[in-house]
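Single-structure report; data block below.
Throughout, read-outs are computed from the coordinates displayed, never taken from laboratory work. Source: prediction; values computed, not measured. Here the Cβ is made from the backbone with ideal geometry for all residues, glycine too, and neighbour counts use every protein chain on show.
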Amino acid sequence: MDYTFLLLLVAIAFLVFIFREKLLGSKVQELFPYSKKEYFLNIPERKLYSEINSILPTDFVIVPQVLMSSIVQVTTKNKDFWTYQNKINRKTVDFVIFDSIYLKPILVIEYDGKSHARKDRVSRDTFVETVLQNVEIEFVRIAHHKNLNYKDIAGQIVDFLNSAEPQQAN
């Protein structure tokens, strides 16, 4: 058998693979215009998360960047279901503390940076807070500032959790 032909095919396939972006133009990038984020949380969020997580009782677990639709459900079954579902589908909250046994949401923590002063964010924050109040999930808002005492805030959150009633399974 003539291996020259096989070797030539492998070489062509290799060159096409290497130069595919030049051959295909930017089509590959258009199909997948994504890259990995360097960090999941920004620096102040990481500091707050670390402080809370380091002193959180074992009865609880903290989870960052939780979708509202993961902790709140739409109760209507009529044609308006998707209208209400779409209002919570893409909204996230900064942190949720769950009980560690049943993973019931206990406390939502919103850590407000500068963007929360924008009119659209104020409206969004009001909506989120109203929904959480209506479904009886405790909520706390922390305004970021330069000299924020993360340990003190974490301690206050843990004090609140220790005073909360134990969660029962449904």
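Sequence-ordered 3J(HN,Hα) estimates for segment 149-157 from the Karplus curve with 6.51, -1.76 and 1.60 and θ = phi - 60° stand at 8, 4, 5, 5, 4, 4, x, 5, 5 Hz, glycine and proline given as x. In segment 43-163, Rg over Rh equals 0.98, where Rg is the alpha-carbon radius of gyration and Rh the Kirkwood radius from pairwise Cα distances. Pairs spanning more than 32 Å between alpha-carbon atoms, out of K77/K151; K36/K119; K47/K77; K36/K77; K119/K146: K77/K151; K47/K77; K36/K77. With neighbours defined as other Cβ atoms within 10 Å of a residue's Cβ, the residues S163, S69, S123 order from fewest to most as S163, S123, S69. Cβ crowding within 10 Å ranks V93, V140 as V140, V93, fewest other Cβ atoms first. Amide hydrogen proximity for I142: with H placed 1.01 Å from N in the peptide plane, the residues at 5 or more positions away or on another chain lying under 5 Å are E110, Y111, D112.
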